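Q: Below you will find the structure I want to go over with you.
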Amino acid sequence: MRAIVTGGAGFIGSHIVDRLIKDGHEVVMVDDLSTGKKENINEKASFSQMDISLPTAIPYLTILMKDVEVIFHLAAFPRVEPSIHEPVGAHNINVNGTHNMLVAARDAKVKRFVLTSSSAVYGEAGVPTDESHSTNPMSPYALHKLIGEQYCKLFSDLYGLETISLRYSNAYGEGQPTSGSYCNVMGIFEQQKSKGEDLTIVGDGEQRRDFVYVGDIVNANIKAGFLDIKFNGDIFNIGSGKNYSVNQIAEWIGGNTTNIPPRIEPKETLLDSNKANFILNWETTIELEEWIKNK
């Protein structure tokens, strides 16, 4: 089967590409390499470097999608804090890029479109949070992901394109970013630990987060992409079902810590992934504490 992975040179995207290649699929990677890395490009995949957010990209994307059955759309301006400081650029990449991909997928008659979304769409929510919970974006990034989900549903209803949105909790695992503004707390701690620096804890460190292993996210994407069920804008939470405080994670990693000023963020996140467990036959396989201690 032929598939496209946008953001294929990024952290999660490259893992999905590698899995698809391993499973015998033909893969086209699309990435502008603004945050993706050349070393993440799988030599067995075709690679196209392009900015999917440009209006002129649609005809080229439509050509790339010839005979493609599944699109895994991960390309994004992928972090909360950077989107607050650069809302225009983030909107262009996240909203216009997703819209262009959907238009090209419709025109190329692609069967299925799998969108990478985020638990950030819930904002400050009651936990555990299931897909029926109201959404309350607290950043441009979160709003962009919600708009992407709504576009997916619209394209399913209007044009018959099968779409699925996967709301990940915080991703971690091999190859996670350890520098730059796109780095999350796990990557930041990994980098600081390697340099012998204090681990920087935002606020009091009692904010709790649900973390999900990148290999489990890959499995969720494979299920969503190839399961023999018809999808129509369906949304699935992809989380571990457990959450931990930042202080607890710092303790597992070890070393001195220092606290820095708090920022705008939910106090607690914890996803209810029972829908994915039941419909996608998906479950987590790696525990965060186990992974940290075995590194």
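Q: Ignoring ligands, DNA and RNA, please state the percent of accessible area on region 67-164 from carbon and sulfur, probe 1.4 Å.
A: Its accessible area is 53 percent carbon and sulfur atoms.
Q: Which of Met65, Met101, Met50 moves the most in a Gaussian network model of the chain with Cα springs under 10 Å?
A: The residue that fluctuates most here is Met50.
Q: State the extension gain, in nm to one decimal, for the chain segment bounded by Leu154 and Asp23, taking 0.36 nm per residue of separation less the distance between their alpha-carbons.
A: 44.1 nm
Q: Okay, next question. Between Asn277 and Thr56, what is the spin-label point distance in nm, taking each point 7 Å from the Cα along the Cα→C-beta axis?
A: So the label points at Asn277 and Thr56 sit 5.0 nm apart.
Q: Could you identify which residue out of Arg19, Arg209, Arg263 has the top mean-square fluctuation in a GNM of the chain using Cα springs shorter than 10 Å?
A: Arg263
Q: Turning to a different aspect of this structure: How many nm is it between the label spots at Asn136 and Glu268, if each spot is 7 Å from the Cα in line with the beta carbon?
A: If labels sit at Asn136 and Glu268, their model points lie 1.4 nm apart.
Q: May I ask for the percentage of alpha-carbon pairs in region 125-219 that lie more than 17 Å from each other? If you can, show how the numbers build up before the last one.
A: Details: 2957 of 4465 pairs.
Percentage above 17 Å: 66.
Q: For the chain, with a Gaussian network of springs between Cα atoms less than 10 Å apart, report the residue from Glu124, Glu69, Glu197 with the top mean-square fluctuation.
A: In the Gaussian network model the winner is Glu197.
Q: Could you tally the net charge around Glu265, taking each other residue with its Cβ under 14 Å from the Cβ of Glu265, Lys/Arg +1 and Asp/Glu -1?
A: On the way: positive: Arg79, Arg208, Arg209, Arg263, Lys267; negative: Glu81, Glu124, Asp204, Glu206, Asp210, Glu268.
Once positives and negatives cancel, what remains is -1.
Q: Keeping all protein chains in place, calculate the accessible area per residue for the chain (probe 1.4 angstrom), answer in Å². If you can, show how the numbers build up before the last one.
A: On the way: 13210 Å² over 295 residues.
Per residue, the chain has an accessible area of 45 Å².
Q: Which residue, Tyr172, Tyr60, Asn92, has the largest displacement toward the positive end of the dipole of the chain when charges sit on each Cβ (Lys, Arg +1; Asp, Glu -1)?
A: Among Tyr172, Tyr60, Asn92, the one farthest towards the positive end of the dipole of the chain is Tyr60.
Q: Which pairs, out of Lys22/Lys145; Lys111/Lys230; Lys38/Lys193; Lys44/Lys223, put more than 19 Å between their alpha-carbon atoms?
A: Lys22/Lys145; Lys38/Lys193; Lys44/Lys223
Q: Also: Quick one: grab the alpha carbon gyration tensor of region 47-133, order the square roots of its eigenvalues as a ≥ b ≥ c, and give me rounded if a/c is under 1.5, else prolate or oblate depending on whether a/b is larger than b/c.
A: Oblate shape, in that a/c is at least 1.5 and b/c is the bigger or equal ratio.
Q: I would also like to ask the following. Under 18 Å Cα to Cα from Lys267, which lysines show up? Leave out anything in the same chain fewer than 8 places away.
A: Lys242
Q: Working out 0.36 nm times the residue gap between Gln49 and Asn247, then minus their Cα-Cα distance, what length gain in nm do you get to one decimal?
A: Taking 0.36 nm per residue and subtracting the Cα distance, the gain is 67.3 nm.
Q: Cα convex hull of region 73-113: mean projected area in nm², to one decimal? All intermediate terms of the calculation are to be shown ahead of the outcome.
A: On the way: hull surface 11.3 nm².
For region 73-113, the mean projected area of the Cα convex hull comes to 2.8 nm².
Q: If the cut-off is a Cα-Cα distance under 15 Å, which aspartates and glutamates reach Lys66, setting aside same-chain residues fewer than 8 apart in sequence?
A: Those aspartates and glutamates meeting the cut-off are Glu26, Asp107.
Q: What is the pair-distance distribution P(r) of region 4-152, computed from all Cα-Cα distances in 10 Å bins starting at 0, with each bin given as a whole percent?
A: Once binned at 10 Å, the Cα pair distances of region 4-152 give 12, 40, 34, 13, 1.
Q: Quick one: pull the percent of accessible area on region 182-246 belonging to carbon and sulfur, 1.4 Å probe, ligands and nucleic acids left out.
A: Ligands and nucleic acids excluded, carbon and sulfur give 48 percent.
Q: For region 1-87, what class follows from the C-alpha gyration tensor (a ≥ b ≥ c being the square roots of its eigenvalues): rounded when a/c is under 1.5, otherwise prolate if a/b is larger than b/c, else oblate?
A: oblate
Q: Okay, next question. Translational D (Stokes-Einstein, µm²/s) of region 240-295 at 37 °C and 0.692 mPa s when Rh comes from the Kirkwood sum over C-alpha pairs?
A: 236
The values are calculated or read from the model by the stated rules, or taken from the named source; none is laboratory data. As the structure is a computational prediction, the values presented were derived from the model and not from experiment. Backbone-built Cβ (ideal geometry, glycine too); neighbour counts: all protein chains shown. Areas reflect the complete protein model, heavy atoms only, side chains present, ligands, DNA and RNA absent. Shrake-Rupley method; radii C 1.70, N 1.55, O 1.52, S 1.80 Å.
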